[in-house]
Amino acid sequence: MTDETLLDRALIRLEEAASHLQIDQDVIEKLKYPRETTKTRLLIRMDDGSRKSFLAWRCRYDDTRGPTKGGIRFHPDSNIEEVETLAFWMTFKCAVMNLPYGGGKGAVRVDPRTLSKTELERLSRAYMQAFATTVGPDRDIPAPDVYTNAMIMGWMADEYNQITGSVTPAVITGKPIALGGSLGRNDATARGGFYLVRHLASELGLARDHTVAIQGFGNAGQFYAQLTAADGNKVVAVSDSAGAIHKADGLDVAKLIAGKSSGKRVTDLAAELGATVIPADDLIAVEADLLVPAALEEMITIDNAGSIKAKVVLELANGPVTAEADKVLTKNGVVVLPDILANAGGVTVSYFEWVQNRQGFYWDLEEIHARLKKMMEREGRAVWNIAKERDVSARSAAYIHALGRLATAIEAHGTQPFFAG
Ligand code: NAD
């Protein structure tokens, strides 16, 4: 066991991309460290009258290209290293998509399932009280992530408005529609990945009726299942934190989603769907053309990457494949559509939400979908072309694409802002 951190492992991708570009070492030095990470303890009143405290963080990793942008995660295993790594990935994701943002991220170490709704609201409001001077529509713009949602963003936006005494919907994205949320935000991550796969399908060797296995059946996983099934493809296996199910001739996605919405685990639905329960770890090894990791980071490692039979991996989750596993996949001819591109639909529609909030004029769903599709296809094609021209993996190509933009912006700033970090 080494003491290498998640961020150290993420930085391998930066170094690798830099080796393909003529980039000043100062640029790399700047991108190796977060600009600022704030840690605090949120003390909230529980329903029984007692007080409980929760560790919380907000990281503004890099703001060279604009205000920092990134979700807030509520998870019992959250830690500073994960927050900073997720913020690093956001920096590159926003650059890949050419969004006028830097990267940020936040988290609270909590299992939100153990809190009542009123406790969850107090915790969310406490988070905003603690970070009210960190965030801002021109400074740092949070959004939902794992185990946070529109309702929580709505509470946080409301708290910010109360603190500042003005209504500033652009301070946070992923809000309920009634509070200035955008149409199309709920399925944006999955939809972006879906547009990407459809656009590159022939290059990826994916037929119109390909088979799909999805690891993690939450927001991203469920919407991906719905979109791909409606497009004529077969979802043959899914998993959640409790287990996995498999059905070679395709699962009934509508029933699966209805069952999950009623609070069941995917394994509870196996009998009703005529599916087989399989060990959760076996999901990645099922026969499928496309594997979609949509759970947590580092789920595909050097120990299990060799078992993947899919031709293509679409990383809807952030960081699901370790750098060592990446090498195994490349060696085995598996194409990985990397997280910083594959799941960028979410932050792209968050950007649309921020734009709409600032202009006070709202787009219809058709316009949101058309703009998202255009941007996913444009940046997806650019990444694909770099991969082909330079004979590198799609992941390296995405990092090269993003790093080029970041380097140009860092150099354009000159030395003063560089050293102010
Ligand atoms: P979510 O909480 O809605 O869903 C996560 C799912 O993963 C749940 O079904 C959970 O049961 C499952 N899971 C947890 N541990 C698992 C395990 N060991 N094996 C299998 N399944 C497991 O979260 P989400 O919003 O869908 O996010 C999923 C991933 O996508 C995360 O990595 C997140 O950072 C990334 N992502 C989400 C968005 C978004 O807009 N929702 C945007 C970009 C990236």
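The values are calculated or read from the model by the stated rules, or taken from the named source; none is laboratory data. Bear in mind the structure is a predicted one, so any value in this text is a computation, not a measurement. As a convention, Cβ positions derive from the backbone with ideal geometry for all residues, glycine included, and neighbour counts pool all protein chains shown.
Structural remarks
- Leu314 passes every criterion in (1) more than 12 Å from the ligand (Cβ to nearest atom); (2) in contact (Cβ under 8 Å) with a residue 60 or more places away in the chain apart from (1).
- Count - residues of segment 11-39 that are crowded, with 18+ Cβ neighbours inside 10 Å and under 25 Å from Thr133 (Cα atoms): 5
- Qualifying positions in segment 198-221 - surrounded by 22 or more Cβ atoms within 10 Å (Cβ to Cβ) and within 11 Å of the ligand (Cβ to nearest atom): Ile214, Gln215, Gly216, Phe217, Ala220, Gly221
- Some residue of segment 290-310 being polar (S, T, N, Q) and crowded, with 17+ Cβ neighbours inside 10 Å: no
- If only residues of segment 142-156 that are touching a helix residue (DSSP H, G or I) at 6+ places or on another chain (Cβ under 6 Å) and modelled with pLDDT of 95 or more are counted, the one that is nearest to the ligand (Cβ to nearest atom) is Ala143.
- Just so you know, in segment 160-176 the residues that are free of Cβ contacts under 8 Å to residues at least 12 places away in the same chain and outside any loop (DSSP other than H, G, I, E, B) include one that is surrounded by the most Cβ atoms within 10 Å (Cβ to Cβ), and it is Asn161.
- Ile284 vs. criteria touching a strand residue (DSSP E or B) at 6+ places or on another chain (Cβ under 7 Å), crowded, with 18+ Cβ neighbours inside 10 Å and closer than 21 Å to Thr322 by Cα: yes
- Filtering segment 222-240 to residues that are part of a helix (DSSP H, G or I), surrounded by 16 or more Cβ atoms within 10 Å (Cβ to Cβ) and small (Gly, Ala, Ser) leaves Ala225, Ala229.
- The residue that is farthest from Glu287 (Cα to Cα), among those in segment 317-375 that are within 16 Å of the ligand (Cβ to nearest atom) and among the acidic types (Asp, Glu), is Glu353.
Conditions (1) in a helix (DSSP H, G or I); (2) at pLDDT below 95; (3) under 15 Å from Met97 (Cα atoms), marked per residue:
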position	(1), (2), (3)
Tyr362	no, no, no
Ile368	yes, no, no
Ala382	yes, no, yes
Lys388	yes, no, no
Leu403	yes, no, yes
Phe418	yes, yes, no
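- The listed residue being in contact with an Asp or Glu (Cβ under 8 Å, 6 or more places away or on another chain) and either at positive phi or not assigned by TED's automatic domain parsing to the domain that holds Gly174 (or both), out of Val253, Val236: Val236
- Note on segment 109-131: residues that are touching a Phe, Trp or Tyr at 6+ places or on another chain (Cβ under 6 Å) and part of a loop (DSSP other than H, G, I, E, B) amount to 1.
Table: residues versus (1) within 15 Å of the ligand (Cβ to nearest atom); (2) crowded, with 24+ Cβ neighbours inside 10 Å; (3) assigned to a helix (DSSP H, G or I).
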residue: Ile44; (1), (2), (3): no, no, no
residue: Gly49; (1), (2), (3): no, no, no
residue: Lys52; (1), (2), (3): no, no, no
residue: Cys59; (1), (2), (3): yes, yes, no
residue: Gly66; (1), (2), (3): no, no, no
residue: Gly71; (1), (2), (3): yes, yes, no
residue: Asp77; (1), (2), (3): yes, no, no
residue: Asn98; (1), (2), (3): no, no, no
residue: Ala107; (1), (2), (3): yes, yes, no
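- Scan segment 230-276 for residues that are over 26 Å from Gly205 (Cα atoms), more than 12 Å from the ligand (Cβ to nearest atom) and among the aliphatic types (A, V, I, L, M) and the total you get is 7.
- Residue check for Ile245: in a strand (DSSP E or B) and under 17 Å from the mean Cα position of the chain (by Cα): no
- Subset of segment 241-280 (residues that are modelled with pLDDT under 95 and surrounded by 14 or more Cβ atoms within 10 Å (Cβ to Cβ)): Ala280
- In segment 204-223, the residues that are among the basic types (Lys, Arg) form Cβ pairs under 9 Å with partners that are more than 9 Å from the ligand (Cβ to nearest atom), at six or more places apart or across chains, as follows: Arg208/Ala201; Arg208/Asp231; Arg208/Gly232; Arg208/Asn233.
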